[in-house]
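Worksheet: one structure, shown below.
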Amino acid sequence: MPQKIILDVDTGTDDAVALMVAALSPDIDLIGATTVNGNTLVHFCTENTLRVFDYIGVQIPVFEGMSLPLSRPDFERDEDSSSIHGDLLDLPPATSQKQAQHAVDWLIETYLASAGDIILVPVGPLTNVAAAIRKAPQILEKIPEIVIMGGAHHLGNVTPLAEFNIWCDPEAARIVMNCGRPIRMVPLDATHRALVSRADCVEFRRIGTPATIATAVVVERRIGAYDAGQPMARLGAAPVHDALAVCAIIDPGVITTELIHVDVEVQGPLTDGVTVCDFRRGRGKAPNTHFAVDADEAKFVAMLKDILGRTA
Ligand code: RIB
Ligand code: CA
C-alpha cells in the first residue's frame with residue numbers, strides 16, 4: 001500500500017522536486033500540500049505549488065497557510081532565497097486554484113478524521129505545523145511520524161550554524177521538536193552529501209518527461225546559485241534538500257540516521273535557530289529524533305531519475 005503523506009512546503013525550487021517525487025512515486029499517496037511562508041511569500045509558494053502540479057498533470061489539493069513566523073513579525077528572508085528560488089518558478093502560470101480552507105485548519109481536520117496513517121513531511125519553516133499543534137494538540141496522537149527537512153549540526157546555511165527552515169521560525173521548530181511524536185530530521189549534514197549535477201540535468205532532459213524537464217530547469221538554477229554563492233564540495237552540483245526527505249520515506253536506506261536529542265535555540269545573535277544536537281552517549285535528555293548524518297548520493301539521483309521519469 002502506498003504511504004499516505006502530507007507535504008508542507010515553501011515552494012521553492014527544491015520543494016518543487018519534492019512535490020513531483022511525492023506525486024509520481026507509486027510508493028507515496030500525496031493527499032495534499034500545505035504552503036507556508038519561507039523561501040518566498042506564501043502566496044508565491046502557493047502559486048508555485050499549483051504550477052508544479054499543473055505542469056506534471058496531477059490534481060492534488062493545495063491549501064495556503066501562515067504568511068509570517070509564529071512570533072517574528074519583523075521576519076526578513078535571507079538574500080540566498082532570491083538567487084536560489086526567486087518568487088515564481090520558471091513554469092507556466094497555474095490554471096488550477098488553491099482550496100478555500102486555511103492550511104492549518106485543513107491539517108487539523110484531516111488528522112482528526114484520519115486513521116493515524118498519514119506521515120507529515122514539512123520541508124519549509126515549521127510555522128503551519130506548530131500552529132496546528134498549538135490550536136489542536138489532540139492531533140498529535142494521529143501523526144505517526146514527522147519527517148522534517150531542516151536543521152544542521154556541522155554547518156548552517158543562513159548563519160554559520162543555523163539552517164534556513166529552522167532559522168525562519170525557531171519558536172515553531174522548538175514546538176515541533178518537543179511535541180513527543182517520532183521525528184526523522186534530514187538536515188544539511190545529509191543533503192549536502194547528495195548533490196545533483198549538471199550532467200544529471202542533461203540526463204533529466206534526455207528522459208524528457210514533464211517532471212524530469214521541470215527538474216532540470218529548477219536544478220540548473222540551483223547549481224548556478226550555489227556555485228556563485230554557496231559552493232558545495234564540487235562545483236557544478238547542488239543539493240536538492242526537500243526531495244531527499246521524500247526519498248527517505250520511499251527508501252529509508254538513502255540516508256543514514258542516528259537517534260539523538262535535538263532542540264532549537266530561540267535566542268542569541270550567533271545562535272538563533274541553531275539545532276542543538278546531543279551526540280553524547282548515555283548523557284543528556286532522552287533522544288527525540290532520528291537525525292540523518294549521511295546520504296547515498298548515487299541512490300538518491302537514481303531514485304530521482306526513476307520516479308520523475310514517470311508520467312501521471
Ligand atoms: O535550508 C534548505 C531548506 O530551506 C529547503 O527546504 C529550502 O527549500 C528552504 O526552504
Ligand atoms: Ca523548502
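Some values worked out for this structure:
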{"quantity": "Local net charge near Val17, Cβ-Cβ under 10 Å (Lys/Arg +1, Asp/Glu -1)", "calculated": "-2"}
{"quantity": "FRET efficiency for Glu171 and Ile31, using Cβ-Cβ distance with R0 set to 30 Å, rounded to 0.05", "calculated": "0.60"}
{"quantity": "Taking the chain and dividing mean pair separation by its residue count, relative contact order in percent (alpha carbons under 8 Å, at least six apart)", "calculated": "20 percent"}
{"quantity": "Rel. contact order, % - alpha carbon contacts under 8 angstrom, at least six apart, the stretch 91-159", "calculated": "36 percent"}
{"quantity": "Additional length obtainable on full extension of the chain from Ala302 to Thr256, 0.36 nm per residue less Cα span", "calculated": "14.8 nm"}
{"quantity": "Separation in nanometres of the label points that stand 7 Å from Cα toward Cβ, at Thr271 and Ala312", "calculated": "4.6 nm"}
{"quantity": "Relative contact order for the stretch 203-274, counting Cα pairs under 8 Å that sit 6 or more residues apart, in percent", "calculated": "14 percent"}
{"quantity": "Cross-link reach list, aspartates and glutamates versus Lys135, counting only Cα pairs under 16 Å and skipping chain neighbours closer than eight places", "calculated": "Asp105, Glu109, Glu171"}
{"quantity": "Electrostatic dipole magnitude of the stretch 60-217 [Cβ: Lys, Arg +1; Asp, Glu -1; Cα centre; debye, to 20]", "calculated": "340 debye"}
{"quantity": "Point-to-point label distance, Ala286-Asp74, nm (Cα→Cβ direction, 7 Å offset)", "calculated": "3.9 nm"}
{"quantity": "Reachable lysines, given that their alpha-carbon falls under 26 Å from the alpha-carbon of Lys142 and they are not under 8 places away in the same chain", "calculated": "Lys4, Lys98, Lys285"}
{"quantity": "Pairwise label distance in nanometres, Asn178 with Leu155, each label 7 Å out on the Cα-Cβ vector", "calculated": "3.1 nm"}
{"quantity": "Theoretical FRET efficiency, 1/(1+(r/R0)^6), r = Cβ-Cβ of Arg206 and Asp117, R0 30 Å, to 0.05", "calculated": "0.20"}
{"quantity": "Residues Asp105 and Arg234, FRET efficiency given R0 of 41 Å [Cβ-Cβ distance, rounded to 0.05]", "calculated": "0.40"}
{"quantity": "Sequence ranges 266-279, 89-102, ranked by mean other-Cβ count within 10 angstrom, highest first", "calculated": "266-279, 89-102"}
{"quantity": "Helical segments meeting 18 Å axial Cα length and Kyte-Doolittle -1.0 threshold in the chain (DSSP H)", "calculated": "42-56, 210-229"}
{"quantity": "Cα gyration tensor shape of the stretch 63-139, rounded if a/c is under 1.5, else prolate or oblate by comparing a/b with b/c", "calculated": "oblate"}
{"quantity": "Assigned charges on the beta-carbon of Lys, Arg, Asp, Glu; the chain dipole about Cα centre (debye)", "calculated": "500 debye"}
{"quantity": "Tensor-based shape of the chain (alpha-carbon gyration tensor, a/c under 1.5 rounded, otherwise prolate or oblate)", "calculated": "rounded"}
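A short reminder: the numbers here are calculations on the coordinates, not readings from a lab. None of these values were measured; they are calculated from a predicted model. Note that each Cβ is placed from the backbone with ideal geometry, even for glycine, and that neighbours are counted across all protein chains shown.
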